[in-house]
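Right, one structure below, let's go through it.
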Amino acid sequence: MRSVANSGVGSLLLSVLLLGCGVRAFCVTPAAAVPLPRHALEAKALFDPETVLMQLPALIKTAQSKENERELALLYLAEANACRVIANWQCQRRAGAQAVVAAEGSGDPILMVRGLINDSRARMAMQDFTGGEQVLGRAELLLKTTPHSELSADISLAYSSMSHAIGKHQLAAEYAKRGLQQLGPDGAIQMRARLLRNQSRANAQLGKREMARALLAQAVAASRLLNDPKLSAEMYLESARLARQDRDYANVLHNAEQIFALAKQLKNSQLQGLGHEVSGLAAMDRTDLPVAASELRAAIQTFRELGLDRDELRVGRDLIGVLLEIDAPKAELASAMRRVIELDRGVLSNDRALAADDFDSRLKYAEQQLDVLRLGSEATLAAERADALARRNRLGLALGMLSLATLLVLSVFFWQQRRQAEHTPFQPAPARRGDCAAREPVTRPGCATSESRLCFSARLRRAPVDGQSSRCRSPRPARGPTGWPAARRFYR
């Protein structure tokens, strides 16, 4: 058992540790400063994803044969990153799910969270927001037991991107701000750049251009410290959007050219579609309608191939306006309008399903909170009952021990008295005045010897002894005038 001193020192150290944490009950967050485990190919996938995808199958097979689950999880995360760079969402989702399975086999919760985040981001990119949100929920639960600031910020980034995709720009800005707070001042530069980009994009959509420019400048400065072409292309895209709002069309075209170059380098179809979109919108603002129609048609074709219905719907609405201005053929206009109506119905249905799922999730969360409160109150009541029972048992035990001790003391005292009585000779009490036992022995003629006679009360008479005369009895004392024996009066 621990000594009192050791327990006191442990309590003091725990108190100091908790005070240093300040926010959480268990301060495990200092481990969050440790860089995330990554395979070397994951960093290479940022600028050469095709080569990485060619090298991975052999390495994965080797790790499977050696049953190295941790290495296998890292390889799947590298594959998911390469698939993300080239905008292959199905590949990213599959690799992320396999990384979760391998990480679970290795018992590494950090790798599990990373795999879940990749899975959820791929689902969101494919417009499966409900599934992506559910997977992110699993990642959040894991982070409660194994907190990590960068992964918490990555989850906030995912929620910010999803909020932007469904048009909730205020919520997107709030999630991005929360992610920056979770990341801290010394967090990963790449994560910081993405969060700043999302925050800038959300503020631009909310009409806060000055704040958006300042945030985007910080994001661009951070991205220049990295070798991440996709992130650079995303920065050019946001710069082009801000330049369009400022009607700086030369800057828009310059940024669009940079986007096309990086998209070609990475073979990223989504970036190409976004580049065509921003170029077409800039041409539409310049009233260069033929160029605008051409660029918007190219963007719609790209988004349709990728299955990005929301992006296609957004660009399709702009294309309809351009087609009306240039008196496009009625067949093309009717086809475009029909497609937009279909996409609008689908997106609206998905939004309703998402809202219903969100309501169900909130309702289930409220019910779970109620159950937690109820269980907490029941646990508190049970603890109080157990404490009362323990106190009652302790009191009963104390009373029983006290009774036993009292009985033992009395037994010892009684035994001591008996022992003392057995070893002590009998001593008669000293004679009192008037006690006939103190008088001289009486001798009478006829008695065999002079013997001591016991003196009894005047009312008592001793029976004659066998073989002796009645003369041996004590004479009856004469009564005085008052009727009392004279001897009694004398000795009184």
Can you work out the Karplus-derived ³J(HN,Hα) for every residue in segment 376-387? Use 6.51 cos²θ - 1.76 cosθ + 1.60 with θ = phi - 60°, whole Hz, and x for glycine or proline. x, 5, 5, 5, 5, 5, 5, 5, 5, 5, 5, 5
Can you compute 3J(HN,Hα) from phi for each residue in segment 287-294, using the Karplus curve 6.51 cos²θ - 1.76 cosθ + 1.60 with θ = phi - 60°, rounded to whole Hz and x for Gly and Pro? 6, 8, 5, x, 5, 4, 4, 5
In Å³ and rounded to a whole number, note down the convex hull volume per residue for the Cα atoms of segment 268-347. 71
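Using only C-alpha positions, report the orientation-averaged shadow area of the convex hull of segment 85-229, nm², one decimal.
With every direction weighted equally, the projected area is 8.6 nm².
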Quick check: pseudo-label points 7 Å beyond the Cα along Cα→Cβ at Asp248 and Leu399, how many nm apart are they? 8.8
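Would you work out the Kirkwood radius for segment 174-291? I mean one over the mean of 1/r across all pairs of different Cα atoms, in Å.
It is 14.6 Å.
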So what J values fall out for segment 185-191 if you push phi through Karplus, 6.51 cos²θ - 1.76 cosθ + 1.60 with θ = phi - 60°, rounded to Hz, Gly and Pro as x? x, 10, x, 4, 5, 4, 5
Nitroxide proxy distance, nm - points 7 Å out along Cα→Cβ at Gln170 and Arg418: 9.4
Say a paramagnetic label sat at a point 7 Å from the Cα of Glu67, along Cα to Cβ; which residues of segment 101-118 have their backbone N under 15 Å from it? 105-107
Rh (Kirkwood; distinct C-alpha pairs) - segment 209-260, Å: 11.1
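Where a number appears in this text, it was derived from the coordinates with a stated rule and is not lab data. Here the structure is a predicted model, which is why all the values come from computation and not from measurement. Note that we place each Cβ from the backbone using ideal geometry, even for glycine, and neighbour counts take in every protein chain shown.
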